[in-house]
Amino acid sequence: MIIVLKKSATEEQIRHIEEKLREWGLQPNISRGSEKTVIGVIGDQTAIRSRPLEVFPGVESVMTVLKPYKRASREFHEDPTVITIPPVKSGCSPVVIGGRDIVMMAGPCSVESRESLFEISRCAQAGGARIIRAGAFKPRTSPYAFQGLGKKGLEYLAEMRRELGIPIITEVMDTRDVKMVAEYADVIQIGARNMQNFNLLKAVGQIRVPVLIKRGLASTIQELLMSAEYVLSEGNPDVILCERGIRTFEPMTRNTLDLSAVPVIKRESHLPVLVDPSHATGHWDLIPSMSKAAIAAGADGLMLEIHPKPEEALSDGPQALLPDRYMNLMKELKTIAKAVGRSL
Ligand code: PEP
Ligand code: MN
């Protein structure tokens, strides 16, 4: 931490700050320049993070050098985290996220019916998806829009998993549902709108099902990492991050895919990173190019939405890929994966 002092700061004020820092077990190092005097603070600063040093007389500003996320940071855990989805629920071979393989999670936006879930999941699996995505609890902007099938949707997902032998990822929106969703899901999704629902993050931190956290619509990368920190600090080490576009002034796409988040997160954190080009762009025709770019940027996986009749989809039809387009894209993505030393 660096404390920048006002030009007008008196010796007495500086001594007072020094004394306080020492009292808190820290070592202040004063450097007096011709323009500014700054105090470099050395030591374990976790205890003073909540202290408002800015209000001390003579202080102009305080800069934090230490990262606020600890367990999510590279400094804490140098090697990349590799998460294995065990075959307990699916009966399939384990799925490894964060390793050499790029993991495709594909499926419908929502579980709409048993039949359509089975049809789309079969297609997703045939194209190479290792995990089926589908929401039973849907975070919709309008209360009048389709809200998801709830528990029935989870039951269809479990039935599909039994039959196809493929794990599932599905969203939980409410702390009261965490236990139930965890019984069904192989990976629990925290949606963009709940990225900073701290009680929900704590609740999924207390279970032992891997958690995928989607970046909030207006959240910084640091805030995303802090959300991961919530889950990790509660004891769940299996956290996957997902860039799904952020809201900007650009109306041509549903959101703006911040691809630079992938290398930034890789630099800052050991956690695996996925990209969801479906929600990021909102248009099916933009998904192939953004999927390729995501793999080239170093993503550990993708999350895609598929629907055989997008015009009849109960949610997110405009961004759904038709099955044959998804199949073609998967072939193209294999080439990109190979070019960056990965496999799909
Ligand atoms: C979803 O994956 O179905 C979803 C609602 O995504 P997001 O939370 O990123 O909007
Ligand atoms: Mn969707």
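The values are calculated or read from the model by the stated rules, or taken from the named source; none is laboratory data. Because the structure is a prediction, the values reported are computed rather than measured. Glycine also receives a Cβ, built like all others from the backbone with ideal geometry; neighbour counts cover every protein chain displayed. We work out accessible area using only protein heavy atoms, side chains counted, and drop any ligands, DNA or RNA first. Shrake-Rupley method; radii C 1.70, N 1.55, O 1.52, S 1.80 Å.
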message: If I model a spin label at Arg208 and Lys70 as a point 7 Å from the Cα along the Cα→Cβ vector, what separation in nanometres do I get?
response: 2.4 nm
Modelled FRET efficiency - R0 25 Å, Val264 with Ala296, Cβ distances, 0.05 increments: 0.95
field: Residue with peak Gaussian network fluctuation, the chain [Cα springs, cutoff 10 Å], from Ile169, Ile42, Ile287
entry: Ile42
query: Once every DSSP H run of n ≥ 4 in the chain is given -39500 (n - 2.57) and the sum is divided by its residues, what mean residue ellipticity at 222 nm do you get, rounded to the nearest 500 deg cm²/dmol?
result: -9500 deg cm²/dmol
- line: Expressed in nanometres to one decimal, the distance between label points 7 Å along Cα→Cβ at Glu155 and Thr84 is 3.4 nm
message: Run the reach check for Lys20 against lysines, Cα to Cα strictly under 19 Å, same-chain hits fewer than 8 apart removed. What comes back?
response: Lys6
message: Could you tell me how far the Cα centroid of the range 167-244 sits from the Cα centroid of the range 278-344, in Å?
response: 23 Å
field: Net length gained if the chain between Met180 and Ser61 were fully extended (0.36 nm per residue, minus Cα distance)
entry: 38.1 nm
statement: Of the listed links Lys70/Lys338; Lys152/Lys309; Lys89/Lys138; Lys152/Lys214, those spanning more than 28 angstrom between alpha carbons are Lys70/Lys338
task: Using DSSP, restrict attention to beta bridges with both residues in the chain and report what percent are antiparallel, rounded to the nearest 5.
output: 40 percent
task: Order Ile2, Ile168, most accessible first, counting only protein heavy atoms with a 1.4 angstrom probe.
output: Ile2, Ile168
- prompt: Quick one: length gained pulling Arg325 to Thr256 fully straight, 0.36 nm per residue minus the C-alpha distance?
  reply: 22.6 nm
statement: Ranked by GNM mean-square fluctuation in the chain (Cα springs under 10 Å), the top entry among Ala296, Ala192, Ala106 is Ala296
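Mind checking the per residue accessible area of the chain for me, 1.4 Å probe, whole number of Å²? Numbers along the way, then the final one.
On the way: 15590 Å² over 344 residues.
Ligands and nucleic acids excluded, the result is 45 Å² per residue.
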query: Given the options Val96, Val41, Val273, which has the most mean-square fluctuation in a GNM of the chain, springs set between C-alpha atoms less than 10 angstrom apart?
result: Val41
- prompt: Which whole-number percentage describes the relative contact order of the range 248-344, with Cα contacts under 8 Å and a sequence gap of 6 or more?
  reply: 24 percent
Under 13 Å from Lys7, Cα to Cα: aspartates and glutamates that are on another chain or at least 8 residues apart: Glu35, Glu60
query: Rounded to the nearest 5, what % of the DSSP beta bridges within the range 212-311 are antiparallel ones?
result: 10 percent
- prompt: What does the accessible area of Ser61 come to, in Å² to the nearest 10, when a probe of 1.4 Å is used?
  reply: 40 Å²
